[in-house]
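Beneath this line is the structure, given in structure tokens, with notes to follow.
The values are calculated or read from the model by the stated rules, or taken from the named source; none is laboratory data. Just so we're clear, the structure is a prediction, and the values are computed from it rather than from any experiment. Cβ placement follows ideal geometry from the backbone for every residue including glycine, while neighbour counts extend to all protein chains displayed. Surface areas here come from the heavy atoms of the whole protein model, side chains and all, with no ligands, DNA or RNA. Shrake-Rupley method; radii C 1.70, N 1.55, O 1.52, S 1.80 Å.
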Amino acid sequence: QVQLVESGGGLVQPGGSLRLSCAASGSIIRYDVMGWYRQAPGKQRELVARVTWGGGTNYADSVKGRFTISRDNAKNTVDLQMNSLKPEDTAVYYCYRRQYHSNHDYWGQGTQVTVSS
């Protein structure tokens, strides 16, 4: 069973930092596209960051220069380092996996990030 498990969410003050981690199981992620999405209350889920098997990355304009996505294929994990957090970053963050050979999408259960004074 392919599964994604997120961790690292919580409450942080504006300007603070958090590091989210996603552990994949069921198969290796070597050739898969991995990413992070988020969904704020009353809004649709949106892409935050994406990383390909070769390490190429894409970021939402709103997080460029503040967030960094990285992957460790040996550990089968993907992380999201979030710096200079803003209240508008408050959302549930979801780990995403696009399996290379099957083009099948997988989602984690989500982890809450709240940025507030």
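Could you please find all residues in segment 68-88 being without any contact (Cβ under 8 Å) to a residue 40 or more places away in the chain and under 13 Å from the mean Cα position of the chain (by Cα)? The answer is T68, I69, S70.
Give me a count of the residues in segment 36-79 that are at positive phi and open to solvent by less than 50 Å² (accessible area, probe 1.4 Å). Lay out the reasoning, then the answer.
Our first condition is that a residue be at positive phi; within segment 36-79, this holds for 42, 55, 65, 76.
Checking the rest, the ones that are also open to solvent by less than 50 Å² (accessible area, probe 1.4 Å) come to 55, 76.
Total meeting the criteria: 2.
Only one of the numbered conditions (1) open to solvent by 60 Å² or more (accessible area, probe 1.4 Å); (2) outside any strand (DSSP E or B); (3) touching a strand residue (DSSP E or B) at 6+ places or on another chain (Cβ under 7 Å) is violated by L11, and that is (2). Criterion applied to R30, R19 was being more than 24 Å from K86 (Cβ to Cβ) and open to solvent by 70 Å² or more (accessible area, probe 1.4 Å), and the one residue passing it is R30.
For segment 39-55, indicate whether the set of residues that are polar (S, T, N, Q) and touching a Cys at 6+ places or on another chain (Cβ under 9 Å) is non-empty. So that I can check it myself, show each step before the final result.
To start, the set of residues in segment 39-55 that are polar (S, T, N, Q) comprises 39, 44, 52.
Subset that is touching a Cys at 6+ places or on another chain (Cβ under 9 Å): none.
No, segment 39-55 has no match at all.
Residues in segment 89-116 that are open to solvent by less than 30 Å² (accessible area, probe 1.4 Å), under 12 Å from the mean Cα position of the chain (by Cα), closer than 14 Å to G35 by Cβ and not hydroxyl-bearing (S, T, Y): C95, R97, G108, G110.
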